[in-house]
Amino acid sequence: MLQQTQVKTVIPFFNKFLKVFPDLKKLSKAKLEKVYKLWQGLGYYSRAKNLLNTAKIVESKYKGILPADFETLKSFPGIGDYTASAIMAIAFDKDFIGIDGNVERFVARLFGFKNNKNNFKNSIFIKLKEIKSENNFSQFAQALMEMGALICTPQNPRCVICPVKKNCISFKKKDFNYKIYNKKRVNIKKYYLLYASEKNKILFFNKKNKLLQDFANLPLLDYKKNLFDMNFKKNSFQFEGEPKIIEKNFTHNISNIKMIIKIVLFKRIKKINDNKFYWINYNKIDNSLLSSFSKKFIELIKTKKIKYV
Ligand code: SF4
């Protein structure tokens, strides 16, 4: 849950999740829809799917006990070097260190490294090996993470109460900047959202997309295509009048993609010919598993920022 998400956001989701699935056994028997439902609002749903699949594997192949082996952990869905290292250190008290953004920043500042060299990550790793404890690996790993998260914070590090300030090069130099080397590029993609509603129903679309196929999606079209000359117009559904583009855009971010979405309003839909299009009753929308951009749009309607028609 904490991947790409802040602790304060995660806490209520985590507590609710543990109430429903207090152990791996219960989780392994769950339906994906139920796990998604509890995940709704956190985004990055592939994490939920991976967690469920990992629980199933652990239950069926390892008698419900998480194996204390780095390579085996890495073979599970969604577990890479960092997560496997963190589990080995924190859960099994083994000699591993998970280097997340917080740990990286803390160590970089402590030793005065700048994140502008190819060997930056390696330098952090070497320094960590030098200073790591000889035992209590779990405590050490957690202490490093907490130092980064609570003391050596990205903005205004709390040097006054920092236990290592006497040894800290950044503190001595009063230079706390360390450049982000691997900043992800944001890709901007533009879409049309086809907004059609009728008798308290809203039109949805069944997407054959690995990421979105488990969710109810409002129909989206690539912005590049000519809206008024689309095949869907002839084949998918018939409607009255011309579609109208609403002035207001909305944006939505998924991973490193920024979606800019223009809303296209349809008057009455006369006939649906393509069974990928279907209606959801407006009153039942809260019980549906909506994709994150669809949920955002429905919120705009509910809060009357976009008029429900
Ligand atoms: S003294 Fe300040 S900059 Fe240095 S490690 Fe502590 S909090 Fe970070």
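The values are calculated or read from the model by the stated rules, or taken from the named source; none is laboratory data. These figures come from a predicted structure and were not determined experimentally. With ideal geometry, Cβ positions are generated from the backbone for all residues, glycine too; neighbour counts draw on all protein chains shown.
What tally of residues in segment 63-75 results from selecting those that are surrounded by 14 or more Cβ atoms within 10 Å (Cβ to Cβ) and more than 27 Å from the chain's Cα centre (by Cα)?
Number satisfying all stated conditions: 0.
More than 9 Å from the ligand (Cβ to nearest atom), free of Cβ contacts under 8 Å to residues at least 60 places away in the same chain, out of contact with any Leu (no Cβ under 8 Å at 6 or more places or on another chain) and closer than 25 Å to residue 86 by Cα: does that describe residue 143? Outline the logic, then answer.
On the way: more than 9 Å from the ligand (Cβ to nearest atom): yes; free of Cβ contacts under 8 Å to residues at least 60 places away in the same chain: yes; out of contact with any Leu (no Cβ under 8 Å at 6 or more places or on another chain): yes; closer than 25 Å to residue 86 by Cα: yes.
Taking the combined requirement at face value, the residue satisfies it.
Just to check your reading of the model, which residue among 73, 18 is touching a helix residue (DSSP H, G or I) at 6+ places or on another chain (Cβ under 9 Å) and away from the ligand (no atom under 16 Å from the Cβ)? Show your work before the answer.
On the way: 18 fails: touching a helix residue (DSSP H, G or I) at 6+ places or on another chain (Cβ under 9 Å).
73 is the lone residue from the list that is touching a helix residue (DSSP H, G or I) at 6+ places or on another chain (Cβ under 9 Å) and away from the ligand (no atom under 16 Å from the Cβ).
Tell me yes or no: at least one residue of segment 96-106 is of a type outside the set (Ser, Thr, Tyr), within 16 Å of the ligand (Cβ to nearest atom), touching a residue at least 12 places away in the same chain (Cβ under 8 Å) and assigned to a loop (DSSP other than H, G, I, E, B). Spell out the reasoning first.
First, pick out the residues of segment 96-106 that are of a type outside the set (Ser, Thr, Tyr): 96-106.
Now drop any that are not within 16 Å of the ligand (Cβ to nearest atom), which leaves 99-106.
Filter again for touching a residue at least 12 places away in the same chain (Cβ under 8 Å), leaving 99-106.
Pick out the ones that are also assigned to a loop (DSSP other than H, G, I, E, B) and you get 99-100.
Taking every residue of segment 96-106 in turn, at least one turns out to be of a type outside the set (Ser, Thr, Tyr), within 16 Å of the ligand (Cβ to nearest atom), touching a residue at least 12 places away in the same chain (Cβ under 8 Å) and assigned to a loop (DSSP other than H, G, I, E, B).
Test residue 112 against the criterion of being at pLDDT below 90 and surrounded by fewer than 21 Cβ atoms within 10 Å (Cβ to Cβ), and give yes or no.
Numbers: at pLDDT below 90: no; surrounded by fewer than 21 Cβ atoms within 10 Å (Cβ to Cβ): yes.
No; evaluated as a whole, the condition is false for this residue.
Those residues that are surrounded by 14 or more Cβ atoms within 10 Å (Cβ to Cβ) and of a type in the set (D, E, K, R), I need them from segment 76-88; list them, please. Please lay out each step first, then the result.
First pass over segment 76-88, keeping only residues surrounded by 14 or more Cβ atoms within 10 Å (Cβ to Cβ): 76-79, 82-88.
Once the filter is applied, which keeps residues that are surrounded by 14 or more Cβ atoms within 10 Å (Cβ to Cβ) and of a type in the set (D, E, K, R), segment 76-88 yields nothing.
When the residues of segment 146-167 are narrowed to those that are in contact with a helix residue (DSSP H, G or I) (Cβ under 9 Å, 6 or more places away or on another chain) and part of a loop (DSSP other than H, G, I, E, B), which ends up farthest from the ligand (Cβ to nearest atom)?
154
Check whether at least one residue in segment 36-49 is in contact (Cβ under 8 Å) with a residue 60 or more places away in the chain, among the aromatic types (Phe, Trp, Tyr) and not in a loop (DSSP other than H, G, I, E, B), and report yes or no.
The answer is yes; a qualifying residue exists.
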